[in-house]
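Let me begin by presenting the structure, written as structure tokens, before commenting on it.
The values are calculated or read from the model by the stated rules, or taken from the named source; none is laboratory data. The shown structure was predicted, so the numbers you read here are calculated from the model rather than taken from an experiment. Here Cβ is always computed from backbone atoms with ideal geometry, including for glycine, and neighbour counts include all displayed protein chains.
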Amino acid sequence: MPLTEMAIRSAKPIAKPFKLADGGGLYLLVSPTGSRLWRLKYRIGGREKVLAIGAYPDIPLAKARERRTEARRQLAEGLDPSAVKKEARQKVKAAVANTFRSIAEEHVAKLEREGLADITLNKRRWLLGFAYPVLGERDVATITAKELLEVLRAVEETGRHETARRMRAALGAVFRYAIATARAENDPTFALRDALTTPKVTHRAAVTTPKEFGALLRAIDGYTGQPASTAALRLMPLLFPRPGELRLATWPEFDLDKGIWSIPPERMKMRRPHRVPLPPQALAILRDLHRLTGNQPFVFPAIGAGHRPISENTLNGALRRLGFTCDVATAHGFRATASTLLNESGLWNPDAIERQLAHAERNEVRRAYTRGEHWDERTRMMNWWADYLDQIKKTTKKEP
């Protein structure tokens, strides 16, 4: 006798599971916990099998009967309803795994395993995030160059031309990862190489003449901020690291007796460890600061928060308070200043200067043969550089 909705609702659970048959192999399995599960018993190839249809009331009686009819149709065509259901489930799972968002997140996770810095990963996530509202749930293999261009144009229209350019590169990396994992066959960003507005290149401001640099150094010597930020500002022209490398420095990285600062690879742009020779002037600054912050993890702790370093805006903020606008001097600009003046001195091997700046050799063949650190020359160079800074502070003063 066929089931009715009333019969189903009035069925009470007992100590053991029991079945309520509807006919044609369809039945409702009532468990001791009170759950009601639709099942369809059928035979294929001489074997009896059971197809799970779903739970009641999510699947009402009428819907369960429709599923039974569909299963019978599949059997008549020689198909196994359980196999058909499994294949459909796998297709849904694959569709989710093949969305642009899923593949982009996989790619970022891969970069994270490879040790990219958090700031680099966050920038990559930020760039990819512009595409998610439009393309996030799309099958990556179906996305066209035209659709990508529309997303990139939307970013360009806000005036962020450099962001759009970097975003195209980030999108391309995702598509190439999709190709490598057999979920796409082409990279549509390749066709967009010349489609975006070329951003105007603006180099970070830096003073590049001894007279201007001497004035900047004298101003820094007169800076009266909190000890950690004052010390960091004085070390930037002496050591010319990337600001983040100095800002996040910890005391275990410094061997003040040997005069060496060892920066771990995870903080370096090129993901390689880097050693910095410390001239006497830098050692004097660090020893004075060690008396104040040596019991804290960071060399340059934030005010009232020793567990955090000074912020990324601290050094540029100090330069602004000294009267140097962003188009005149920046913390990162000390690197350009050092590179310019060291090269113009003619005293030092350009490879030693580049190694001190922790730059990567662009030529792959040359990079394979220039693995030396030029340590001895760099040590002499950094001592000369510190003395040179002392000299230009004195000799470039304006006449009274």
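So which residues in the stretch 164-196 are of a type in the set (Ser, Thr, Tyr) and either over 22 Å from Ala97 (Cα atoms) or out of contact with any Leu (no Cβ under 7 Å at 6 or more places or on another chain) (or both), if there are any at all?
The initial filter retains those residues of the stretch 164-196 that are of a type in the set (Ser, Thr, Tyr), namely 177, 181, 189.
Matches in the stretch 164-196: Tyr177, Thr181.
From (1) within 29 Å of Lys12 (Cα to Cα); (2) surrounded by fewer than 16 Cβ atoms within 10 Å (Cβ to Cβ), pick out the condition that doesn't hold for Leu121.
For Leu121, the failing item is (1).
Quick one: what pairs do we get from the stretch 381-400, first residue closer than 29 Å to Ile260 by Cα, second among the hydrophobic types (A, V, I, L, M, F, W, C) and modelled with pLDDT of 95 or more, C-beta under 6 Å, 6+ apart or different chains?
Ala386/Leu238
Does Val276 meet the test of being β-branched (Val, Ile, Thr) and within 30 Å of Arg166 (Cα to Cα)? Please lay out each step first, then the result.
On the way: β-branched (Val, Ile, Thr): yes; within 30 Å of Arg166 (Cα to Cα): no.
No; evaluated as a whole, the condition is false for this residue.
Restricting the first residue to the stretch 12-40 and requiring it to be in a loop (DSSP other than H, G, I, E, B), which pairs with a second residue that is of a type in the set (Ser, Thr, Tyr) meet a Cβ separation below 7 Å and a spacing of at least six or different chains?
Pro13/Ser31; Pro13/Thr33; Pro17/Ser31; Gly25/Tyr42
Quick one: count up the residues across the stretch 145-197 that are hydrophobic (A, V, I, L, M, F, W, C) and closer than 17 Å to Tyr132 by Cα.
Start the filter on the stretch 145-197 by keeping residues that are hydrophobic (A, V, I, L, M, F, W, C), which leaves 145, 148-149, 151-152, 154-155, 164, 167, 169-171, 173-175, 178-180, 182, 184, 190-192, 195-196.
Okay, now just the ones that are also closer than 17 Å to Tyr132 by Cα, so 145, 148-149, 151-152, 154-155, 164, 167, 169-171, 173-175, 178.
Number satisfying all stated conditions: 16.
Just a yes or no: is a residue in the stretch 78-99 of a type outside the set (A, V, I, L, M, F, W, C), under 30 Å from Ile44 (Cα atoms) and assigned to a loop (DSSP other than H, G, I, E, B)? Walk me through it before giving the result.
Initially, the stretch 78-99 is screened for residues of a type outside the set (A, V, I, L, M, F, W, C), giving 78, 80-82, 85-87, 89-91, 93, 98-99.
Checking the rest, the ones that are also under 30 Å from Ile44 (Cα atoms) come to 78, 80-82, 85-87, 89-91, 93.
Next, from what is left, pick out any that are assigned to a loop (DSSP other than H, G, I, E, B): 78, 80.
Yes; the residues of the stretch 78-99 include at least one that is of a type outside the set (A, V, I, L, M, F, W, C), under 30 Å from Ile44 (Cα atoms) and assigned to a loop (DSSP other than H, G, I, E, B).
I need the full set of residues from the stretch 283-324 which are closer than 19 Å to Thr224 by Cα, under 30 Å from the mean Cα position of the chain (by Cα) and either part of a loop (DSSP other than H, G, I, E, B) or of a type in the set (D, E, K, R) (or both), in order please.
Kept after step one, since they are closer than 19 Å to Thr224 by Cα, are these residues of the stretch 283-324: 284-293, 299-304, 309-324.
From what is left, the residues that are under 30 Å from the mean Cα position of the chain (by Cα) are 299-304, 309-320.
Result: Val299, Phe300, Ile303, Gly304, Ile310, Ser311, Glu312, Asn313, Arg320.
Can you name every residue in the stretch 3-39 that is surrounded by 15 or more Cβ atoms within 10 Å (Cβ to Cβ) and in contact with a Pro (Cβ under 7 Å, 6 or more places away or on another chain)?
Of everything in the stretch 3-39, those that are surrounded by 15 or more Cβ atoms within 10 Å (Cβ to Cβ) and in contact with a Pro (Cβ under 7 Å, 6 or more places away or on another chain) turn out to be Asp22, Leu29, Val30.
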